[in-house]
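Data first, discussion second: the structure below is written as structure tokens.
The values are calculated or read from the model by the stated rules, or taken from the named source; none is laboratory data. Predicted model, so just to flag it, every value in this text is computed and none were measured. For neighbour counting, all protein chains shown are included, and Cβ atoms are generated from backbone atoms with ideal geometry for every residue, glycine included.
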Amino acid sequence: MDEELARKAEILKNLAFAEAYGGDHSAALKHGQEALKLYEKLGDPPNLVLLHTMLVSIFSEGPLMLQDQAKALEHLEAARLLAESGPDTPEKALFYTLIAHQYLHTDEPTASVTWATKAKELAEKLGTFVGTPLGSAQACLGRLNTGMEYQEKDWESYVQASNPLGMMLCGHQIILTRTLARNIPLALKWEKIVSPEVAKIGTASPNAVNRSLVLTRTLSGEISKATETCQIAQSFDINTAFSCWLEDSASLGFLYLRAGDWDRARRVLQEALSLHDDRHNTVAVKALCLILGSLNLEEGNFPKAEELLLKSLEICRNGGNILFEL
């Protein structure tokens, strides 16, 4: 019976990974969950960690309609408990990096720094390189110079290694961090460095950068360029995109607010807030509440503005995001 279950589990696992790589994330989710149940019956820790990690990726950064950060954290915690007792390996360091990145999605940079540091220290102990979101998390905690320098070192390492996922995530965060710090000239300088590289990777990667650039160009006052970038970002199908949604989730609504199209801004922001709230994407909710609160403030709806701004502020304080709290 165990041999039969093991064969079935292996087939479902391989099928799930093939579907995930092929872009059929709904099928990958279904078969991955089925394989996970079988490996739980078999008591197979290595394969359980592998499948939990794959499900984290789907729930965290898969197609937006499948994302659920709460479920991602559940699978992450289950995998962590299994992996912690294992030997120190480069895979374990990568897993710590995944935990650190997940805490960015729940807007908990303090926790992200803790796990990114563990990943960095373990990688150094093993004599290998593992890119981490340590720089992004440090910047959120107010250590801007240290954080940005770390991001830039990671970027160089990802480019040298031709690591597509690393370039997408790091390039997106490099531009976003400098934009949130209101250093728009530096953000635009990095756009010229990042965009040509991520354009070589695939469709989803430039889209992650474009969302950040909508925010950057809106803050720079380049409304026409921001609108052009916005149209590119909106043309991308959010149901199939594999991407990383952070504070740039509010960029489209922010553009319409700055352009004076308040009705459209409200519609876009409310729809996005409902979507990301349902998926427990705290970092996006925080940004959307700030911009929607600002819109209500402009309209003189002070009670609603206060409600939304306080919700955003509470998320910042709970996770330690000083950069956004300011």
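With respect to residue 114, determine if the residue is of a type outside the set (Gly, Ala, Ser) and surrounded by 24 or more Cβ atoms within 10 Å (Cβ to Cβ). Before the answer, list the steps.
Values: of a type outside the set (Gly, Ala, Ser): yes; surrounded by 24 or more Cβ atoms within 10 Å (Cβ to Cβ): no.
It is false that residue 114 is of a type outside the set (Gly, Ala, Ser) and surrounded by 24 or more Cβ atoms within 10 Å (Cβ to Cβ).
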- Given the conditions (1) within 19 Å of the chain's Cα centre (by Cα); (2) more than 28 Å from residue 177 (Cβ to Cβ); (3) of a type in the set (Val, Ile, Thr), and given that residue 49 satisfies all but one, which numbered condition is not satisfied? (1)
- So residue 287 fits all but one of (1) assigned to a loop (DSSP other than H, G, I, E, B); (2) under 21 Å from residue 109 (Cα atoms); (3) modelled with pLDDT of 90 or more; what number is the exception? (1)
- Pairs only if they're at least six apart or on different chains, beta carbon under 7 angstrom, first in segment 266-281 and of a type outside the set (S, T, N, Q), second exposed (fewer than 14 other Cβ atoms within 10 Å of the Cβ) and part of a helix (DSSP H, G or I); list them, first residue then second. 280/70
- Task: Consider residue 51 carefully, then state whether it is surrounded by fewer than 17 Cβ atoms within 10 Å (Cβ to Cβ) and either in contact (Cβ under 8 Å) with a residue 24 or more places away in the chain or among the aromatic types (Phe, Trp, Tyr) (or both).
- Result: no
- Go through (1) at pLDDT below 95; (2) of a type outside the set (D, E, K, R); (3) under 17 Å from the mean Cα position of the chain (by Cα) and name the single condition residue 159 misses. (3)
- Message: Which of the numbered conditions does residue 135 fail, given that it passes all the others? Conditions: (1) more than 18 Å from residue 320 (Cβ to Cβ); (2) surrounded by 18 or more Cβ atoms within 10 Å (Cβ to Cβ).
- Response: (1)
- Within segment 117-127, is even one residue farther than 28 Å from residue 83 by Cα and surrounded by fewer than 21 Cβ atoms within 10 Å (Cβ to Cβ)? no
- Within segment 121-145, residues over 15 Å from the mean Cα position of the chain (by Cα) and either polar (S, T, N, Q) or over 18 Å from residue 177 (Cβ atoms) (or both) come out as 121, 122, 123, 124, 125, 126, 127, 128, 129, 130, 138, 145
- Query: Would you pick out the residues in segment 157-183 that are surrounded by fewer than 18 Cβ atoms within 10 Å (Cβ to Cβ) and among the β-branched types (Val, Ile, Thr)?
  - Reply: 159
- Message: Just to be sure I understand, how many residues within segment 52-86 are within 18 Å of the chain's Cα centre (by Cα), at pLDDT below 85 and among the hydrophobic types (A, V, I, L, M, F, W, C)?
- Response: 2
